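Inspection log for the structure reproduced underneath, given as structure tokens.
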Amino acid sequence: MNILEAYATFFEAKIEGRYVTLEHLSPLLKVYKNMFQISEIGTSELGQKIPMLKMGQGEKTVLGWSQMHGNEATTTKAIFDFLKLIAEQKIYKKEISEFLKTYTFYIIPILNPDGAAKYTRENANGIDLNRDAQDQTQSESRVLAKVFRDLQPDLCLNLHDQRTIYGFKNGKPATVSFLSPAADTKRSLTPSRKIAIQHIETMVGVLQGLIPGQIGRYDDAFNANCVGDSFQMAGVPTILFEAGHFPDDYQREETRKYICSALITLFGIVKPSATTSILYAKISENKKNFKDLLIRNVSIPGIFRLKTVAFQYIEVLEGSHIVFQLHVDEIGDLTSCFGHQELDVSGAEILVNSQQNYQVGEKVLKIVSKKDDSLLFIKEDKFL
């Protein structure tokens, strides 16, 4: 059975969109308390409880955590898809039974509940928890470090989102990216890195058949303050997951499927075929070569050559929804850039907010071609 065809049987529809908080997760945690062991491993800086679920009773201990950055919830949604698959066992029953015998999986679905509520990368004190691995100045960092020490896991999963700016030379976006973090400045292939790389190659072996050309390898520059690098330094294989953009999927309901598919593969519930295998070093490295909107061949007063105007969405929390606000991001040749949406005005001038003069950083409500007054973009009351 194709994993995407089966996905509807374990897609967790109770959580969706980009804004996912502990309040959204609490009802599901109550449902699962009779199926999995759920504990409160500590509290956030603002006193919110940080939950952890445990499943399985195998010898291989795996520790994972999501929403270390509060505004990165795609992997959290994927985790709850995975939980539903394991809890209900409508499919892959034999494989799930083997998984539960082989592994003990601990998962922290939301490490930074304060940042999630505010839809910020940082925690309540404005600290990036993924730069706090050594100093451990924040309660959330200390909670994760204690769990790591207590469990002494065989494998760690560091689950994140990446921005829409990442893609590849082939013009496709980086929908899912992985990294086996470095353990030193030389980026040595330590034993723990090699194990993480083997797991990544296995997951890519399945994903390559689902989203060919859209799987990336994240930059492995060493930073001891990053949690993944820190755990790798301690000799524990650690895998960074990055949930990125899928075409027309700003809510990342498609991307979550591929993250969950990677987890299902990691734990041996599905297996890759030999025809889709790929070596880690051959996985394309992420490039910052995408914009949300490109308008090409724009005539700009006072500039002889035609230019490309690039626009990018900024995500803003309004009430309980994430609003995508378009801004002018860059003006230039941008020949090596791709757009998730591209328009060509063939030498016409454009008006941004009815103005001929516009600049980088300007919030965009409307874009019109000056040549024929055709509407190129208008802000709508929707959340992409």
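All of the numbers you see were taken from the coordinates with simple rules; none came from a lab. Keep in mind that what you see is a predicted model, and the values were worked out from it rather than measured. Every residue, glycine as well, gets a Cβ built from its backbone with ideal geometry; the counts of neighbours run over all protein chains shown.
What to note about this one:
- Order of Leu4, Leu111, Leu179 - criterion: other Cβ atoms within 10 Å of each residue's Cβ, fewest first: Leu4, Leu179, Leu111
- Descending semi-axes in Å of segment 104-252, equivalent ellipsoid built from Cα gyration tensor: 25, 21, 14
- Charge tally around Ser139: other residues with Cβ under 10 Å, Lys/Arg +1 each, Asp/Glu -1 each, net -2.
- Cα long-axis angle, helix 191-210 against the chain (0 to 90 degrees, to the nearest 10): 60
- In segment 179-276, the trypsin sites (Lys or Arg not before Pro) that fall in loop regions by DSSP, at most 15 other Cβ within 10 Å: Lys186, Arg187
- Estimated distance in nm for a label pair at Asp344 and Lys363, the labels positioned 7 Å out from Cα along Cα-to-Cβ: 3.4
- Gained length - Ile38 relative to Gln325, 0.36 nm times residue gap less alpha-carbon distance: 99.5 nm
- When each of the peptides 26-37, 197-208 is scored by how many other beta carbons lie within 10 Å of its residues on average, the order from highest to lowest is 197-208, 26-37.
- FRET E, pair Leu189, Gln355, Förster distance 56 Å, beta-carbon r, rounded to 0.05: 0.55
- Each peptide in 82-95, 50-63 receives the mean, over its residues, of other Cβ atoms within 10 Å, and ordering these scores from highest gives 50-63, 82-95.
- Put the Cα centre of segment 21-77 next to the Cα centre of segment 308-373 and the gap is 39 Å.
- Calculated mean residue ellipticity at 222 nm for the chain: -7500 deg cm²/dmol, from DSSP H runs with n ≥ 4 weighted as -39500 (n - 2.57), summed, divided by the residue count and rounded to 500.
- This model, with +1 at the C-beta of Lys and Arg and -1 at the C-beta of Asp and Glu, gives the chain a dipole about its Cα centre of some 740 debye.
- A simple spin-label model places pseudo-atoms 7 Å from Cα toward Cβ; at Thr9 and Arg305 they are separated by 5.7 nm.
- Between 0 and 90°, nearest 10: helix 255-266 axis offset from the chain longest Cα axis: 30
- The H on the amide N of Ile300, modeled in the peptide plane, is under 5 Å from the matching H of Lys307, each at least 5 residues off or on a different chain.
- Stretchable slack from Arg142 to Leu28, in nm (0.36 nm times residue separation minus alpha-carbon distance): 38.5 nm
- 0 to 90° range, to nearest 10: angle between helix 139-151 axis and the chain longest Cα axis: 40
- Here the chain is treated as a Stokes sphere of Kirkwood radius computed over C-alpha pairs; at 37 °C and 0.692 mPa s its diffusion coefficient rounds to 149 µm²/s.
- Average projected area [Cα convex hull, segment 199-301], square nanometres: 9.9
- Estimated inter-spin distance, Asn170 and Lys282, nm [label 7 Å along Cα→Cβ]: 1.2
- Note on segment 290-378: Kirkwood radius taken over Cα pairs, Stokes-Einstein applied at 10 °C and 1.306 mPa s, translational D equal to 119 µm² s⁻¹.
- Relative contact order of the chain, pairs being alpha-carbon contacts under 8 Å that are 6 or more residues apart, as %: 15
- Residue pairs, from the table Lys186/Lys291; Lys146/Lys186; Lys94/Lys146; Lys33/Lys90, whose Cα atoms sit over 26 Å apart: Lys186/Lys291; Lys146/Lys186; Lys94/Lys146
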